[in-house]
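What follows is a set of notes on a single structure, which appears directly below.
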Amino acid sequence: MTYETLLVERRGGVAQITLNRPQVLNALNEPMYEELTAAFAAAEADPAVRAVLLTGAGRAFCSGADLARPRPIPEGGTLGDGVAETMHALINPMVARIARLKKPVIAAVNGVVAGGGVGVALACDIVVAAKSATFIQVFGPNLGIVPDIGCTWMVPRLVGRARALGLALLGDRLPAETAADWGLIWAAVEDERLMIEANALAERLAAGPTVGFGLIKRALMASEQNDFEAQLALEAESQRIAFTTNDTVEGITAFLTKRKPAFTGT
């Protein structure tokens, strides 16, 4: 597939997806929503892809929605109706596709990440940011709108209600190192080390038990809604699946024979 707003390449078991609208700080528009959904669907379907690395071209990861683009108003409706329809049709399926991918997803955050771009980054499983990067919830104090692209779900679960409200209501810049200290992201690294560290993580995960990783992701996400008994039942069902995979057999055999496992992703 040819992409207008993304760069997509595969190195071994890692698919790198790069947001590629650097002239507007990788602002999100309709083609990018559609292409991100398609690129992650392709990564899901390709058995050779065992991890995904998401980053941004130029000096920003993503500045949020492209506010300069025209927004359609449905016949007989309002601007708000048009925005909500776009969210249901394009934006929400895109971020859900990223979050629910059955393979590990690493975000390498370079530079600013603002508004909905924060949601895109946090939909990934492990977020590594350059120390110069900043996270900004611009929605409320600057635009009078509600955080979206999953931010109202992810941010309070990662940093707590008080900090989530402060970020959303004040719109202050959150430096990457503070974001790491708060638990919003996995790590903040020196700028020149960002892609080195992110690639190393992606390659490490791509060499792991892919099906098992997908089951872990599903279980941890479900734990946000499940009661204790429901989560125990999900753990049992997840183990039922895991123990039918070649990788679990290999992992147990390697453990018992004191050697490094050679996972195949099956």
Q) For Phe40, are the conditions met, namely being assigned by TED's automatic domain parsing to the domain that holds Leu158, at pLDDT 95 or above, crowded, with 23+ Cβ neighbours inside 10 Å and assigned to a helix (DSSP H, G or I)? A) yes
Q. Does Val52 meet the test of being in the same structural domain as Met195 (by TED's automatic domain parsing) and in contact with a Pro (Cβ under 9 Å, 6 or more places away or on another chain)?
A. yes
Q. Just one of the numbered conditions (1) buried (at least 19 other Cβ atoms within 10 Å of the Cβ); (2) touching a residue at least 40 places away in the same chain (Cβ under 8 Å) is not true of Leu215; which one?
A. (2)
Q) What is the number of the single condition among (1) of a type outside the set (Asp, Glu); (2) in contact with a Lys or Arg (Cβ under 7 Å, 6 or more places away or on another chain); (3) surrounded by 18 or more Cβ atoms within 10 Å (Cβ to Cβ) that Pro209 does not meet? A) (2)
Q.
Where the second residue is loosely packed, with under 11 Cβ neighbours inside 10 Å and of a type in the set (Ser, Thr, Tyr) and the first is within 19 Å of Leu215 (Cα to Cα) and lies in the range 254-266, which pairs have Cβ atoms under 8 Å and are six or more apart or on separate chains?
A. none
Q | Scan of the range 63-90 for residues that are assigned to a loop (DSSP other than H, G, I, E, B) and over 30 Å from Asn110 (Cα atoms), ordered by number | A | Pro72, Ile73, Pro74, Glu75, Gly76, Gly77, Thr78
Q.
Looking at the structure I just gave you, is Gly64 farther than 19 Å from Glu203 by Cα, at pLDDT below 95 and touching a strand residue (DSSP E or B) at 6+ places or on another chain (Cβ under 7 Å)?
A. yes
Q: Report, by residue number, each residue of the range 194-207 that is under 18 Å from Leu54 (Cβ atoms) and in contact (Cβ under 8 Å) with a residue 40 or more places away in the chain.
A: Leu194, Met195, Glu197, Ala198, Asn199, Leu201, Ala202, Glu203, Leu205, Ala206
**Q.** Failed item in (1) touching a helix residue (DSSP H, G or I) at 6+ places or on another chain (Cβ under 6 Å); (2) within 22 Å of Ala123 (Cα to Cα), with Leu174 passing the rest
**A.** (1)
**Q.** the range 98-125, subset farther than 18 Å from Ala202 by Cβ and touching a helix residue (DSSP H, G or I) at 6+ places or on another chain (Cβ under 8 Å), residue surrounded by the most Cβ atoms within 10 Å (Cβ to Cβ)
**A.** Val113
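The values are calculated or read from the model by the stated rules, or taken from the named source; none is laboratory data. Model, not experiment: these values are computed from the prediction. Here Cβ is always computed from backbone atoms with ideal geometry, including for glycine, and neighbour counts include all displayed protein chains.
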